[in-house]
């Protein structure tokens, strides 16, 4: 009889313990764990693709020289009217290829337009403008207006300038010449800060400035001014 009572008590205790465990499991939050994919499996998307940083595109650059060689490239932007014969203006075009027209506007210190110079050029191993038939030119780009007023950078030029299309620090550059000595600039002593605007295919690409130090006043005029004549 005692053994039967012991068995019954053991059974009741087991049932109570089982019920407590089930309640605790029901009250605990369920967290679903997603197995991580095997990165070694073919076609797995778990691997990360790290792309190297892309280099920033450089814009056009302008520099001014007293000689027609790109080796003169500096940050100089002040010149003396008494010593300057011609101002050589270089515009470097990083990453530019194909057929284009460059326009350089020279504006006086008061902002009015002094001159506008257009230069047509081809970069990329294409034949020179003068050697390409009009039909082929029209396939590359429309023929710009007033071509007879434009300099051709791909032609051979005189006065020690073999070509208006040059290289500077690995970039293509177009040379524009502004005559100074013996021109209206020196005749009128047009010193001061000049403004330059550069267009590529009629779109403004950059703006810059250079300064022409004015000519000294003639000694005779100074003497007359000092004597009060």
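The values are calculated or read from the model by the stated rules, or taken from the named source; none is laboratory data. This is a predicted model, so every value here is computed, not measured. When we count neighbours, we look across all protein chains shown, and the Cβ atoms used for this are built from the backbone with ideal geometry, even at glycine.
Couple of notes before you dig in:
- Residue match in region 55-62 (condition: in contact with a strand residue (DSSP E or B) (Cβ under 9 Å, 6 or more places away or on another chain), at pLDDT 90 or above and under 15 Å from residue 178 (Cβ atoms)): yes
- Residue in region 140-150 that is under 22 Å from residue 62 (Cα atoms) and either modelled with pLDDT of 95 or more or surrounded by 18 or more Cβ atoms within 10 Å (Cβ to Cβ) (or both) present: yes
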